[in-house]
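Only one structure is covered here, and it is reproduced in the block below.
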Amino acid sequence: MPASPSTARAINDRAALRLLQQEGPLTAGRLKQLTGLSRPTVADLVERLTASGLITVVGESGEQRRGPNARLYGIVADRAHLAALDVRTEGVFVLVSDLVGRVLAESSVPIGDDAGTGPAVEQAVAAVERAAKEAGADSLHTVGIGAPGLIDPATGDLRDSVGLPAWHRSLAAALPERLPGARVTVENETNLAALAEQREGAARDRGTFVLLWLGHGVGAAVVLDGTLRRGASGGTGEIGFLPVPGTGSLPSATDCGGGFHSLTGAAAIVSLAAECGLPVPATADGPGAAEAVRGAVARAADEPAPPAVPAPAAPAHRFLHTLAERIAVGAASVVAVLDPGCVVLGGEVGRAGGAPLAGLVQERLRRMSPLPTEVRPSILGGAAVLRGALLTARDRAQDELFGPAER
């Protein structure tokens, strides 16, 4: 059944806007080439999108060419402003962008453990307002929030999670009240990191992959056939609770101690560095663990290459090989169930370990599993959550302003 004229126009308009988003300013002639539409159809959609305030003339294609065909059309970037938040246990990172995703301002605020819920929310909201003011945004169209913990798939709300500050949920509830008119979306931080790696990072050529988040805590995000999988309760990827050998106990419903977290969380990594005689960072959080791993990678380059057996004796090599063994234990369980073909080591630790750590994990997986699996280091590292939150906000804003599109 052929599409109605109004549906056809909407499809054509969205195709043109998507091309302008991906390719930058284009002439009407170039839009005709890329869309395969007729010249009159392109002229009509350009006139329609210009009249609606979605695109505008931003220049000309060449000094020697004049007339309508030489005009360069681009998306009106300041039609809407967006905000992205990376909400962590120790504070909030914020950026504000225009409709095409160009970052205009950034802000951050540390929030101590002793801050009450009310003061913590005020500090976080002030950081958002400060960034918006710096960006010259009178209002925010969409806000994307990345936070640790589970997201209720029925409501989209952040669920109560043991060990996470109470102000996280209060902030997600307060932002729609403090930012009138803003559409607020909350997503698990690891899922957002996977989205960013898929669109801009290490998994751009993969429709199916698993991201292992290695930072203060550990988690996983699962992308199958191009779609992020959240599970029945939103808990897909809660790999920190995975029972694994080598911990001496089992996790419980309220405590991931004894699970995969006990082998690869930040505290475990810092403790391993101390056991191997390496410098110990000042903090046992994500940045601290990343510092330990980064230092070990640098030191290993100067240490003698380890023999195949027994375990390497040099401190940095011993640390990296032991850490790779630990990561592979959890990764092998995921690979056995999902067969993703690709595992990305994300978070601050994955980025810090880079290709050397990814190579060691891949080597161990090859011994443990018959399923061929490539292991890649994150390109975006700890910044992936913020990038994913911005991509989510941009998609939602563009779907509302341009009309929904398949992704």
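The values are calculated or read from the model by the stated rules, or taken from the named source; none is laboratory data. Small disclaimer: the values here were computed from a predicted structure and weren't measured. Glycine gets a Cβ as well: all are built from the backbone with ideal geometry, and neighbour counts include every protein chain shown. Areas reflect the complete protein model, heavy atoms only, side chains present, ligands, DNA and RNA absent. Shrake-Rupley method; radii C 1.70, N 1.55, O 1.52, S 1.80 Å.
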Separation of alpha-carbon centers, the stretch 90-161 and the stretch 319-346, rounded to whole Å:
32 Å
Could you calculate the FRET efficiency of Glu177 with Thr35 from 1/(1 + (r/R0)^6), where r is the beta carbon distance between them and R0 is 45 Å, rounded to 0.05?
0.60
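What FRET efficiency would be calculated for the residue pair Glu134, Leu250, taking the C-beta separation as r and a Förster radius of 51 Å, to the nearest 0.05? Don't jump to the answer; show the numbers that get you there.
Numbers: r = 49 Å, r/R0 = 0.96.
The formula returns an efficiency of 0.55 here.
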According to the square roots a ≥ b ≥ c of the eigenvalues of the Cα gyration tensor, what is the shape class of the stretch 270-407, taking rounded for a/c under 1.5, prolate for a/b larger than b/c otherwise, and oblate for the remainder?
oblate
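Report the calculated FRET efficiency for Ala232 and Ala267 (r = Cβ-Cβ distance, R0 = 35 Å), to the nearest 0.05.
Details: r = 30 Å, r/R0 = 0.87.
The pair Ala232/Ala267 has a calculated efficiency of 0.70.
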Cβ charges +1 (Lys, Arg) and -1 (Asp, Glu), total dipole of the chain, debye:
1300 debye
Starting from the exponent 0.38 and prefactor 2.2 Å, build the expected Rg for the stretch 1-47 from its residue count and divide its actual Cα Rg by it.
1.10
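Ignoring ligands, DNA and RNA, what accessible area per residue does the stretch 326-407 give at 1.4 Å, in Å²?
With the other protein chains kept in place, the stretch 326-407 gives 39 Å² per residue.
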Is any residue of the stretch 113-150 close enough, with backbone N under 20 Å, to a label point placed 7 angstrom from the Cα of Ser170 along the Cα-Cβ axis, and if so, which?
113-130, 145-150
Compute the long axis of helix 286-300 from its Cα atoms, compare it with the longest principal axis of the Cα atoms of the chain, and write down the angle in degrees, 0 to 90, nearest 10.
70 degrees
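Between Ala10 and Arg204, what length comes free when the chain is fully extended (0.36 nm per residue of separation minus the Cα-Cα distance, one decimal in nm)? All intermediate terms of the calculation are to be shown ahead of the outcome.
Numbers: separation 194, 0.36 × 194 = 69.84 nm, distance 2.82 nm.
Full-extension gain reported as 67.0 nm.
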Ala154-Arg367 pseudo-label distance in nm [points 7 Å out on the Cα-to-Cβ vector]
4.7 nm
Cα-based Rg and Dmax for the stretch 49-132, where Dmax is the largest Cα-Cα distance (Å)
19.8, 65
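Note down the magnitude of the dipole of the stretch 107-150 about its Cα centre, charges +1 on Lys and Arg C-beta and -1 on Asp and Glu C-beta and zero elsewhere, to the nearest 20 debye. Numbers along the way, then the final one.
Values: 2 positive and 6 negative charges, 26 e Å.
Charge dipole of the stretch 107-150: 120 debye, to the nearest 20.
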Between Leu19 and Glu60, what is the label-point separation in nm under the 7 Å Cα-to-beta-carbon projection?
2.2 nm
Which translational diffusion coefficient, to the nearest whole µm²/s, is obtained for the chain from the Stokes-Einstein equation, given a Kirkwood hydrodynamic radius over C-alpha pairs, 20 °C and 1.002 mPa s?
93 µm²/s
Positive-end extreme of charge dipole, the chain - chosen from Thr392, Ala314, Thr117 (charges on Cβ):
Thr392
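Enter the accessible area per residue of the stretch 69-121 (Å², integer; probe 1.4 Å; all protein chains in place). Kindly include the intermediate steps, with their values, before the conclusion.
Working: 2080 Å² over 53 residues.
Solvent-accessible surface per residue comes out at 39 Å².
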Taking all protein chains as present, what is the carbon and sulfur share of the accessible area of the stretch 200-346, in % to the nearest whole number, probe 1.4 Å?
58 percent
Projected onto their principal axes, the Cα atoms of the stretch 219-338 stretch, largest extent first, over whole-Å spans of 48, 30, 26
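What shape does the stretch 65-214 have by the C-alpha gyration tensor, where a ≥ b ≥ c are the square roots of the eigenvalues, rounded means a/c under 1.5, and otherwise prolate means a/b greater than b/c and oblate the rest? If you can, show how the numbers build up before the last one.
On the way: a/c = 2.32, a/b = 1.41, b/c = 1.65.
Oblate, because a/c is 1.5 or more while a/b does not exceed b/c.
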In debye to the nearest 20, how big a dipole does the stretch 17-140 give about its Cα centre with +1 on each Lys and Arg Cβ and -1 on each Asp and Glu Cβ?
1040 debye
Under a GNM of the chain (C-alpha, springs under 10 Å), which listed residue has the highest mean-square fluctuation: Pro243, Pro279, Pro40?
Pro40
